[in-house]
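This report refers to the structure that appears directly beneath it.
The values are calculated or read from the model by the stated rules, or taken from the named source; none is laboratory data. All of these numbers come straight from a predicted model, not from anything done at the bench. Note that each Cβ is placed from the backbone with ideal geometry, even for glycine, and that neighbours are counted across all protein chains shown.
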Amino acid sequence: MGEVIGETKSLCPVCLSLVEAQRVVENGQVFLVKECPDHGLFKVPVWDDARYYSEVEHYDHPKVVPQVFKEWEKDAPSKMWDPSQQLQSTCLTVVEVTDGCNLKCPYCFASSDSSKMTNLDMETLRGMFTAVSTKVKKPTVVQISGGEPTIRNDLPEIVAMAKGLKIDFIQLNTNGVRLAKEDGYAGVMKKAGVDSVYLGFDTFDREVWKKICGVDLLDLKLKAVENCRRAGLPIELVPKIIPGLNVDQIGKIIEFAKKNIGIIKGVHFQPISYFGRVPAEPKDENYITIPSLLREIERQTGGEITPDDFIPTGCADVHCDTKCFGFVSEGRFVSLTKMSGKFSPDLDITRTVREGVYGSWGNILAKEAGLLDGDQPMSDKDCGCGTWMGLVKDLTLNALTISAMHFQDAWNIDYGRLRNCCIHEVMPDGRFVPFCLFNASDVRGRAPFRELWCAQNRK
Ligand code: SF4
Ligand code: SF4
Ligand SMILES: [Zn+2]
């Protein structure tokens, strides 16, 4: 075995027991090595550049120990989790309103399809949004998710209720099918209070869509973008990156975002994790880790965007995410990340991230700068060439965030990372769970926290 660089805990992917694990460097790559007494040894790649793995630790930020996990003290599923170990407060909360979907993708965190239809009732949802308003400092950011939330015809009422309960920023996580197919639906969502759409967008290759989602979705995705543009509803594209299927699409998706700057505010890459429904158990070559993703971004953008343009947010664990802030000017991406340097330790980092999402992705800053007429950009306000207003326009309307978060599945989960998790799922009873733990599923796709979500709804 190679050099051991850290001790941690992980899960056995077969029985989901908490097991001791080690971070090990071998041939310049970092692996997680663990052994379950009943199910044997597992060795999984987690980071394919050991030097960069230690370099990013420079961006680690002091955490604000959260109170919310104390609520699990009496009945935490101790086999999988010790909630007293959580170190970070909430940046983004996820509220799943249904586990049903109008698609049945071969890769689906939530194992959703049209045969499932646990819809949380309005009173339960009211309690969940109230939990967010009371437990998370402002501005509060909620992602409404599922399953596919747009299969619920009462979604506008759900969104309006969340806004009424003082949720500041609402992002709709959707496959875009209804946004594309139903004329005026994007406007209905905007009017109800959705601030931004988190749109799955994996490829421009029709055959690859069939492999990832079971059907060719390209035309629907493009139509969804157009419909959001007409409604003035900002979008963040979310490509899940799967080795062997769509790694070659990374540059094309960034180019598409640049061409649609103004309505597309970000591209958030998700290197594939093996949660819920997946075609097969993962092998080493089925993972792409953050360093390789960044090298692909550099290669596929012809060096316009480089790994040096990215830093971890410091909000999540430094090995969970990476982010590059910038803007598009004359067709080129200009990174601002290099100028930002290391965050001050006194900064409230989860608040900074929530404010960034609120101000930038929802066009709030552009509105405050007087660059929007209603929801539409004031195109003749300024050409953007070398003037103060041009710079303001670049920094608001033309802003683009390129980011990635590599979720952890039962194979690669490192509880050192999980302890720093700032993305929290809200359970029907109002308690919070780190997102990766909520989704962790065993080799058969069984996810105990998702089962608890269903069970709480039946009570
Ligand atoms: S991945 Fe999304 S769109 Fe596909 S089945 Fe799952 S919830 Fe539905
Ligand atoms: S959701 Fe997972 S990958 Fe993201 S911050 Fe939490 S533990 Fe890290
Ligand atoms: Zn086991």
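Where strands (runs of 3 or more DSSP E) fall entirely within region 1-60, those with at least 2 residues that are loosely packed, with under 15 Cβ neighbours inside 10 Å and more than 16 Å from ligand 1 (Cβ to nearest atom) are at 3-11, 18-26, 40-47.
Scanning region 422-440 for residues that are away from ligand 1 (no atom under 16 Å from the Cβ) and part of a strand (DSSP E or B) yields Ile423, His424, Val426, Phe432, Val433, Pro434. So is Met161 in contact with a strand residue (DSSP E or B) (Cβ under 9 Å, 6 or more places away or on another chain), hydrophobic (A, V, I, L, M, F, W, C), touching a residue at least 24 places away in the same chain (Cβ under 8 Å) and in a helix (DSSP H, G or I) or not? No: the conditions fail for Met161.
Taking each residue of region 322-333 that is among the aromatic types (Phe, Trp, Tyr) and looking for partners that are in a loop (DSSP other than H, G, I, E, B) and surrounded by fewer than 16 Cβ atoms within 10 Å (Cβ to Cβ) with beta-carbon atoms closer than 9 Å, six or more apart or interchain, yields Phe325/Leu336; Phe327/Leu336. Within region 189-217, being assigned to a helix (DSSP H, G or I) and surrounded by fewer than 17 Cβ atoms within 10 Å (Cβ to Cβ) holds for Lys191, Arg206, Glu207, Lys210. Of all residues in region 406-421, which are under 17 Å from Cys91 (Cα atoms) and away from ligand 1 (no atom under 16 Å from the Cβ)? Of everything in region 406-421, those that are under 17 Å from Cys91 (Cα atoms) and away from ligand 1 (no atom under 16 Å from the Cβ) turn out to be His406, Arg417, Leu418, Arg419, Asn420, Cys421. Right, Ser10: among the polar types (S, T, N, Q), touching a helix residue (DSSP H, G or I) at 6+ places or on another chain (Cβ under 8 Å) and within 16 Å of ligand 3 (Cβ to nearest atom) or not? Yes, satisfied. Only one of the listed residues (Thr93, Thr150) is under 23 Å from the mean Cα position of the chain (by Cα), at pLDDT 95 or above and within 30 Å of Trp47 (Cβ to Cβ). That residue is Thr93.
Any residue at all in region 97-106 that is of a type in the set (S, T, N, Q), assigned to a loop (DSSP other than H, G, I, E, B) and under 16 Å from the mean Cα position of the chain (by Cα)? Give the derivation first.
Kept after step one, since they are of a type in the set (S, T, N, Q), are these residues of region 97-106: 98, 102.
Within this subset, residues satisfying the condition of being assigned to a loop (DSSP other than H, G, I, E, B) are 102.
Then keep just the ones that are under 16 Å from the mean Cα position of the chain (by Cα); that gives none.
No, region 97-106 contains no residue that is of a type in the set (S, T, N, Q), assigned to a loop (DSSP other than H, G, I, E, B) and under 16 Å from the mean Cα position of the chain (by Cα).
Across region 291-318, the qualifying residues are those that are of a type in the set (A, V, I, L, M) and outside any helix (DSSP H, G or I), and the one among them that is modelled with the lowest pLDDT is Ile311. Does region 235-247 contain at least one residue that is touching a residue at least 12 places away in the same chain (Cβ under 8 Å), part of a helix (DSSP H, G or I) and on the phi < 0 side of the Ramachandran plot? Yes; the residues of region 235-247 include at least one that is touching a residue at least 12 places away in the same chain (Cβ under 8 Å), part of a helix (DSSP H, G or I) and on the phi < 0 side of the Ramachandran plot. All of (1) within 16 Å of ligand 2 (Cβ to nearest atom); (2) within 12 Å of Glu148 (Cα to Cα) hold for Phe69 with one exception: (2).
In the set Pro271, Pro243, which member is surrounded by fewer than 19 Cβ atoms within 10 Å (Cβ to Cβ) and under 24 Å from Ala50 (Cα atoms)? Outline the logic, then answer.
Working: Pro271 fails: surrounded by fewer than 19 Cβ atoms within 10 Å (Cβ to Cβ).
It is Pro243.
If you go through region 17-49 and keep only what is among the hydrophobic types (A, V, I, L, M, F, W, C) and more than 16 Å from ligand 2 (Cβ to nearest atom), you end up with Val19, Val24, Val25, Phe31, Val33, Cys36, Leu41, Phe42. Counting the residues of region 21-41 that are within 13 Å of ligand 3 (Cβ to nearest atom) and touching a strand residue (DSSP E or B) at 6+ places or on another chain (Cβ under 6 Å) gives 5.
Determine whether region 5-27 contains at least one residue that is among the basic types (Lys, Arg) and closer than 30 Å to Asp309 by Cα. Checked region 5-27: at least one residue is among the basic types (Lys, Arg) and closer than 30 Å to Asp309 by Cα. Screening region 401-431 for residues that are touching a Lys or Arg at 6+ places or on another chain (Cβ under 7 Å) and farther than 17 Å from Ser10 by Cα and picking the one that is surrounded by the most Cβ atoms within 10 Å (Cβ to Cβ) gives Thr401. All of Thr174, Thr124 fail the test of being polar (S, T, N, Q) and more than 13 Å from ligand 1 (Cβ to nearest atom), apart from Thr124. Evaluated against (1) farther than 26 Å from Asp113 by Cβ; (2) more than 18 Å from the chain's Cα centre (by Cα); (3) buried (at least 19 other Cβ atoms within 10 Å of the Cβ), Pro291 falls short on exactly one condition, (2).
Residues that are aliphatic (A, V, I, L, M) and part of a loop (DSSP other than H, G, I, E, B) were ranked within region 107-157; the one that is farthest from ligand 3 (Cβ to nearest atom) is Val136. Considering only region 266-277, how many residues are within 16 Å of ligand 1 (Cβ to nearest atom) and in contact with a helix residue (DSSP H, G or I) (Cβ under 9 Å, 6 or more places away or on another chain)? Number of matching residues: 7.
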